[in-house]
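The values are calculated or read from the model by the stated rules, or taken from the named source; none is laboratory data. All values derive from a computational prediction rather than experimental measurement. Positions of Cβ are generated from backbone atoms using ideal geometry, with glycine treated the same way; all protein chains shown enter the neighbour counts.
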């Protein structure tokens, strides 16, 4: 994936989502659901203008993603893994677009199980990101950025090899739980486990290297 590929895919996607939101907006009630719990039950409401929040975040992401590498310190630039950088940005934009489409579908037709739909999309995105995470070099924007990974290349690479596997495994569990209609806490637990395992590992591995003088 290149910068040009990222822009060619993300900008039209943003415009399509924005157009769909504008099309649906006049038919929405003055107050709409804005938040759901893990069981798919509404637990937050807001004015209908909040339906534009997701497209706004998408637009900001598309603007910021190309600019972040330019402000990185020399030792933390993304050129060494630019393909993974642009791919990860596109996956993130795609997930935001998917979430907005699910939201619009729920607002138009409340029969959709938003919990299963959201978890399914999130799981797919996590799997895609996990597949490239092992190629990501030390930087300030993408990856498992703990004090211990940023302090040591050895810890960074070991942690991200583990993180790639844990994210793919966790994402697959999330997708499977959504397909089978399992309780939301199953998917939530899988997401947390996949995210927290590399963080804990980075601390333990760094301390072990520190004791042996290899950090």
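Is there a residue in the range 52-71 that is farther than 20 Å from residue 141 by Cβ, in contact with a helix residue (DSSP H, G or I) (Cβ under 6 Å, 6 or more places away or on another chain) and in contact (Cβ under 8 Å) with a residue 40 or more places away in the chain? Taking every residue of the range 52-71 in turn, at least one turns out to be farther than 20 Å from residue 141 by Cβ, in contact with a helix residue (DSSP H, G or I) (Cβ under 6 Å, 6 or more places away or on another chain) and in contact (Cβ under 8 Å) with a residue 40 or more places away in the chain.
I'd like to know if the range 82-103 contains one or more residues that are in a helix (DSSP H, G or I), out of contact with any strand residue (DSSP E or B) (no Cβ under 7 Å at 6 or more places or on another chain), touching a residue at least 12 places away in the same chain (Cβ under 8 Å) and surrounded by fewer than 16 Cβ atoms within 10 Å (Cβ to Cβ). Yes: one or more hits.
Considering every residue within the range 34-48, establish whether at least one is in a helix (DSSP H, G or I) and farther than 17 Å from residue 138 by Cα. Scanning the range 34-48 turns up at least one residue that is in a helix (DSSP H, G or I) and farther than 17 Å from residue 138 by Cα. Scan the range 6-26 and tell me whether some residue there is assigned to a loop (DSSP other than H, G, I, E, B) and more than 25 Å from residue 87 (Cβ to Cβ). No: zero hits. Total residues in the range 63-75 satisfying the condition of being over 18 Å from the mean Cα position of the chain (by Cα) and surrounded by 15 or more Cβ atoms within 10 Å (Cβ to Cβ): the figure is 1. Within the range 47-62, if we keep just the residues that are over 17 Å from the mean Cα position of the chain (by Cα) and closer than 30 Å to residue 192 by Cα, the residue that is surrounded by the most Cβ atoms within 10 Å (Cβ to Cβ) turns out to be 51.
Within the range 104-111, does at least one residue satisfy the condition of being part of a helix (DSSP H, G or I), modelled with pLDDT under 95, touching a strand residue (DSSP E or B) at 6+ places or on another chain (Cβ under 8 Å) and within 21 Å of residue 191 (Cα to Cα)? No, the conditions are met nowhere in the range 104-111.
This table checks each residue for (1) within 17 Å of residue 97 (Cβ to Cβ); (2) touching a helix residue (DSSP H, G or I) at 6+ places or on another chain (Cβ under 7 Å); (3) surrounded by 16 or more Cβ atoms within 10 Å (Cβ to Cβ); (4) in contact (Cβ under 8 Å) with a residue 24 or more places away in the chain.
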| site | (1), (2), (3), (4) |
| --- | --- |
| 7 | yes, no, yes, yes |
| 14 | yes, yes, yes, yes |
| 21 | yes, yes, yes, yes |
| 26 | no, no, no, no |
| 32 | no, yes, yes, yes |
| 36 | no, yes, yes, yes |
| 42 | no, no, no, no |
| 45 | no, no, no, no |
